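Encoded as structure tokens, the structure appears first; notes follow it.
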Amino acid sequence: MNVESLTHTVVDFVRANKEFTPLILGLLTFAESLAFVSLVVPAIAMLIAVGFVVAAAEIPFWQAWIGAVTGAFLANWISYAIGRRYKTLAYDVWPLSRNAHLIARGERFFQKFGPWAVFLGRFFGPTRAVISLISGIFLMPSMLFQAANLASAFVWAFVLLAPGAGLAKYLHW
């Protein structure tokens, strides 16, 4: 199954099961934000497509948004906890073991921006997958990490869902 057919399947499911939209968005953002998993699950296209469905199917935006925020927040929290627990042993696990460039990019980004790396890292593809893990490895203070994690989850989910939801409402009128 390719990404396009998977996206159509998810969008069709959301249309048919509106009440599950926050859960579906939470699962998608969880998969997109969890270290290791996000490297193999291409959820961004699905999230943007579901943004259009949210408005077209008259699903309250805030419910969809909170579902997306929750999944993204929890995935980064778990990735951070893995980093704190296993330190650099996480580098030896696939797919990081075969993609050392992602580790190097994440480390450089983290060292350059410090706590802002957690916030900004969520907006940059593969960096999103490893920045929380690296934050844990480098023992970033938990409260500082969680503040950046929550703030970035709110903004990132809004940026992904709002354009589609807004455009769908505009086109509907």
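The values are calculated or read from the model by the stated rules, or taken from the named source; none is laboratory data. As the structure is a computational prediction, the values presented were derived from the model and not from experiment. Quick reminder, even Gly has a Cβ in these numbers, built from the backbone with ideal geometry, and neighbours come from all protein chains shown.
For segment 39-53, the set of residues classified as under 20 Å from S5 (Cβ atoms) and in contact (Cβ under 8 Å) with a residue 40 or more places away in the chain consists of V40, I44, A45, M46, L47, I48, A49, V50, G51, F52, V53, listed by residue number.
Per this entry, L144 is counted among residues that are farther than 24 Å from I44 by Cβ, in contact with a Pro (Cβ under 6 Å, 6 or more places away or on another chain) and aliphatic (A, V, I, L, M).
Set side by side, the residues S79, S97 differ, and just one is buried (at least 21 other Cβ atoms within 10 Å of the Cβ), assigned to a helix (DSSP H, G or I) and either of a type in the set (S, T, Y) or on the phi < 0 side of the Ramachandran plot (or both), which is S79.
So that you can scan it fast, the table gives a plain yes or no per residue for (1) within 22 Å of F158 (Cα to Cα); (2) free of Cβ contacts under 8 Å to residues at least 60 places away in the same chain; (3) within 18 Å of the chain's Cα centre (by Cα); (4) not in a loop (DSSP other than H, G, I, E, B):
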position	(1), (2), (3), (4)
L25	yes, no, yes, yes
A55	yes, no, no, yes
W116	yes, yes, yes, yes
V130	yes, no, yes, yes
L133	no, no, yes, yes
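When A117, A90, A153 are screened for being at pLDDT 80 or above, surrounded by 13 or more Cβ atoms within 10 Å (Cβ to Cβ) and farther than 25 Å from V50 by Cα, only A117 passes.
Taken as a whole, the structure places A16 among residues that are out of contact with any helix residue (DSSP H, G or I) (no Cβ under 7 Å at 6 or more places or on another chain) and surrounded by fewer than 16 Cβ atoms within 10 Å (Cβ to Cβ).
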